[in-house]
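Structure first, commentary second.
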Amino acid sequence: MLFSEVAEYYQKLEEVSSRLTMIDILSELFSKSSKDEIKQLIYLTQGVLSPPFEGKEIGMAEKLAISSIVLATGIPKENIQKLFNSKGDLGSAAEEAIKDTKLKKLHNKKFTVNELFSTLNKIADSSGSGSQDIKIKLLAGLISDSSPLESRYIIRFALGTLRLGLGDATILEALSKAKTGDRESKQALENAYNLCSDLGKVGFKLFDEGIDGINKMEVSLFNPIRPELAERAKSFEEIMERMNNICAVDGKYDGLRAQLHLDKKKKRVEIFSRNLEKMTHMFPDLVKAVFEEVDAETLILDGEAIAYDDITEEFRPFQETIQTKRKHDIQEKSSEMPLHLFVFDIMYLNGKSLMDKSYSERRETLEKVLNKRIFILPAIRIITKSKKELELFFNAQLTAGLEGIVAKDLSSTYVAGARKFSWIKMKRSYKSELSDTVDLVIIGYYLGKGSRTEFGLGGLLAAVYNDKKDLFESITKIGTGFTEQQMSYFKELLDKITLKKKPARVESEVEPDFWVEPKYVVEVRADEITRSPMHTCGKTSYQSEEIGYALRFPRIISDGIRDKKAEDSTTTAEIIEMFEKQKKKPLSDK
Ligand code: ATP
């Protein structure tokens with residue numbers, strides 16, 4: 001398949017304002033692809049060269065990309081820079097510049113998706129001395145073979161700013177439609193995706209083996225599994241009811257979710273975050289410990305990494321855990337305050353998936369595998385049939401410095417990416433506030449007024465994720481509680497992702513001064529969830545007379561952004577559930 005054809009589809013995708021139209025365009029594009037290029041086509045469409053968890057970036061600097069355009073077109077650098085300044089996007093600047101060159105017509109050579117993909121990989125892989133020149137030449141070569149439209153996207157690939165606004169769910173639905181004619185297989189594809197976190201791999205499997213192959217997909221080592229998540233309950237009574245009066249209860253550690261993959265023979269360990277990013281380099285202690293402390297050749301563990309003081313037997317606050325994992329002083333910090341991994345699940349052992357085993361069986365296996373228990377230990381837990389015992393355990397965990405508990409259904413399998421009542425979390429609550437914070441995705445921002453004008457940012461427009469519709473629905477404006485530092489921080493961050501119009505997957509009747517790509521998630525505390533006609537959260541149809549949900553007195557409590565994808569923010573369904581729960585008496589802190 002020629003890239004020139006793909007570029008036409010990208011242009012169409014950029015112009016639409018409805019998610020369903022996006023799916024139609026994308027499925028048409030996918031249906032034209034062969035088995036041998038679907039993987040590469042999917043990665044390109046995501047703007048990556050390998051699944052995002054690999055962390056491989058082309059990430060060329062703007063300066064180098066400008067040099068490539070100069071080299072390919074012969075246009076003076078100042079002119080390119082001027083075009084860039086006026087367009088605000090180097091891809092469009094290159095497109096414009098190339099439109100005028102006669103050179104184009106002479107050299108235009110067609111290239112395929114796979115050829116483009118391989119050159120982009122060469123750009124990303126060249127390192128060391130002289131690599132800048134190589135990168136410039138390779139990119140210039142691509143540009144001189146491209147049409148103006150192709151150049152627009154090639155420059156964006158090189159800079160890592162493709163941003164077609166497609167979510168994973170949109171790509172999965174388009175794949176389903178491309179291969180089966182409708183969107184019905186989306187669920188099967190999503191299940192497969194949850195097991196491997198690699199859309200390219202899922203696409204290839206679908207094109208190679210059809211839906212049968214997708215249904216048979218298993219977890220595999222070094223492909224992160226989307227973590228199972230927990231629901232909330234309003235009382236101990238509700239937990240016991242939902243669990244049919246018997247359950248396991250773990251302590252809830254306030255650290256960093258860590259999924260550890262090990263292959264002893266190959267001497268390979270990888271640790272993935274809640275957000276499925278590779279963070280192995282941040283945990284040298286754990287990497288070393290796992291070779292010594294587990295009795296297994298290969299495995300996948302799910303747990304929480306947290307700074308723990310063996311001497312005083314104290315858990316360190318979340319902030320300290322974060323500091324411990326900071327990139328620059330890993331060595332120093334790690335010996336001072338070693339992280340411990342409190343493991344609460346095992347999904348794979350010695351070449352076999354344990355995903356379909358019951359939780360009680362998995363926990364039994366886990367106990368056998370963790371036989372040294374120095375840095376890698378099983379999470380504290382009890383099995384109980386009594387509400388009283390549950391409550392006592394909860395209070396004991398708070399006293400020990402934990403955040404609360406997570407109750408678990410003994411018979412449940414490990415369901416990748418699910419948030420179901422087979423795991424129920426209960427945290428310490430705060431009086432006169434919502435008992436839990438919410439994670440919101442920023443969809444726009446406002447210019448400041450008065451003294452705030454100097455920061456260029458006075459507030460944010462935030463949304464929740466509606467996972468049924470794969471859309472972001474506005475829920476609140478956040479205008480207070482920012483420090484000056486935060487205002488500058490957000491302004492800088494958001495300026496890189498501003499958009500000219502409302503993104504296709506955002507539903508909001510409130511207009512911010514600037515729309516931004518739904519990308520960054522912040523943790524917000526509010527006093528209450530209220531009903532409001534202003535916001536689209538919870539409305540069944542957009543721009544209707546219905547009343548949505550909103551937050552009262554929202555304030556950001558995270559310093560910066562959270563380690564979550566936009567689609568991992570609090571969902572509309574969770575907000576409605578929290579609204580229902582807040583009507584009932586809050587749980588006391590005692
Ligand atoms: P979520 O991960 O549910 O989207 P969140 O990131 O805001 O939400 P919390 O609501 O505080 O986190 O709680 C869920 C998280 O608790 C899990 O993702 C996991 O990282 C952590 N956790 C700590 N201890 C446990 C445990 N024993 N079992 C399961 N999860 C645990």
Criterion: open to solvent by 30 Å² or more (accessible area, probe 1.4 Å), out of contact with any helix residue (DSSP H, G or I) (no Cβ under 6 Å at 6 or more places or on another chain), modelled with pLDDT under 90 and closer than 16 Å to ILE443 by Cα - qualifying residue of ILE547, ILE561:
ILE561
Among (1) modelled with pLDDT of 95 or more; (2) touching a Pro at 6+ places or on another chain (Cβ under 9 Å); (3) within 16 Å of the ligand (Cβ to nearest atom), where does ILE239 come up short?
(2)
Flag for VAL406 being within 16 Å of the ligand (Cβ to nearest atom), outside the structural domain of GLU511 (by TED's automatic domain parsing) and either modelled with pLDDT of 90 or more or open to solvent by 50 Å² or more (accessible area, probe 1.4 Å) (or both):
yes
Would you confirm whether or not region 146-159 contains a residue that is outside any loop (DSSP other than H, G, I, E, B), at pLDDT below 95, over 21 Å from GLU14 (Cα atoms) and over 22 Å from the mean Cα position of the chain (by Cα)?
no
Residue pairs qualifying under the 7 Å Cβ cut-off, at least six apart or on distinct chains, with the first in region 568-582 being under 16 Å from ALA230 (Cβ atoms) and the second being among the basic types (Lys, Arg), are LYS581/LYS234
Scan region 258-285 for residues that are closer than 24 Å to GLY404 by Cα and either polar (S, T, N, Q) or modelled with pLDDT of 95 or more (or both) and jot them down.
ALA258, GLN259, LEU260, PHE272, SER273, ASN275
Positions within region 19-61 being in contact with an Asp or Glu (Cβ under 6 Å, 6 or more places away or on another chain) and charged (D, E, K, R), in sequence order
LYS35
Those residues that are aliphatic (A, V, I, L, M) and not in a loop (DSSP other than H, G, I, E, B), I need them from region 228-253; list them, please.
LEU229, ALA230, ILE239, MET240, ALA248, VAL249
Tell me which residues, restricted to region 355-407, are in a helix (DSSP H, G or I), in contact (Cβ under 8 Å) with a residue 60 or more places away in the chain and among the hydroxyl-bearing types (Ser, Thr, Tyr).
TYR359, SER360
For LEU116, are the conditions met, namely being touching a residue at least 40 places away in the same chain (Cβ under 8 Å) and closer than 17 Å to GLU8 by Cα?
yes
Against the definition (at pLDDT below 95, open to solvent by less than 50 Å² (accessible area, probe 1.4 Å), under 18 Å from the mean Cα position of the chain (by Cα) and within 16 Å of LEU41 (Cα to Cα)), how does GLY200 come out, yes or no?
no
Which of the residues that make up region 167-196 are crowded, with 21+ Cβ neighbours inside 10 Å and either part of a loop (DSSP other than H, G, I, E, B) or in the same structural domain as THR119 (by TED's automatic domain parsing) (or both)?
SER185
Region 551-581, residues that are under 22 Å from ALA169 (Cα atoms) and either in contact with a Pro (Cβ under 8 Å, 6 or more places away or on another chain) or part of a strand (DSSP E or B) (or both):
ALA566, THR571
Taking region 505-517, which residues are buried (at least 17 other Cβ atoms within 10 Å of the Cβ) and in a loop (DSSP other than H, G, I, E, B)?
ARG505, SER508, PRO512, GLU517
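Results for (1) within 16 Å of the ligand (Cβ to nearest atom); (2) aliphatic (A, V, I, L, M); (3) at pLDDT below 90; (4) within 17 Å of ARG19 (Cα to Cα), shown as yes or no for each residue.
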position: SER435; (1), (2), (3), (4): yes, no, yes, no
position: LEU447; (1), (2), (3), (4): no, yes, yes, no
position: LEU460; (1), (2), (3), (4): no, yes, no, no
position: GLU473; (1), (2), (3), (4): no, no, no, yes
position: SER488; (1), (2), (3), (4): no, no, yes, no
position: LEU494; (1), (2), (3), (4): no, yes, no, no
position: ALA504; (1), (2), (3), (4): no, yes, no, yes
position: VAL510; (1), (2), (3), (4): no, yes, no, no
Working only within region 248-262, note down all residues that are under 15 Å from ILE300 (Cα atoms) and open to solvent by less than 20 Å² (accessible area, probe 1.4 Å).
ALA258, GLN259, LEU260, HIS261, LEU262
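Results for (1) part of a strand (DSSP E or B); (2) within 23 Å of the chain's Cα centre (by Cα), shown as yes or no for each residue.
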residue	(1), (2)
MET487	no, no
LEU494	no, yes
PRO503	no, yes
LYS519	no, yes
GLU523	yes, yes
HIS535	no, no
THR540	no, no
SER544	no, no
Scanning region 295-319 residue by residue, those surrounded by fewer than 16 Cβ atoms within 10 Å (Cβ to Cβ) and either modelled with pLDDT of 85 or more or in contact with a Lys or Arg (Cβ under 9 Å, 6 or more places away or on another chain) (or both) turn out to be ASP295, GLU297, ASP309
Kindly check whether there is at least one residue in region 274-286 that is over 30 Å from THR399 (Cβ atoms), within 16 Å of the ligand (Cβ to nearest atom) and open to solvent by 40 Å² or more (accessible area, probe 1.4 Å).
yes
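The values are calculated or read from the model by the stated rules, or taken from the named source; none is laboratory data. Keep in mind that what you see is a predicted model, and the values were worked out from it rather than measured. Every residue, glycine among them, receives a Cβ derived from its backbone with ideal geometry; neighbour counts consider all protein chains shown. Just the protein is used for accessible areas: all its heavy atoms, side chains included, with ligands, DNA and RNA removed. Shrake-Rupley method; radii C 1.70, N 1.55, O 1.52, S 1.80 Å.
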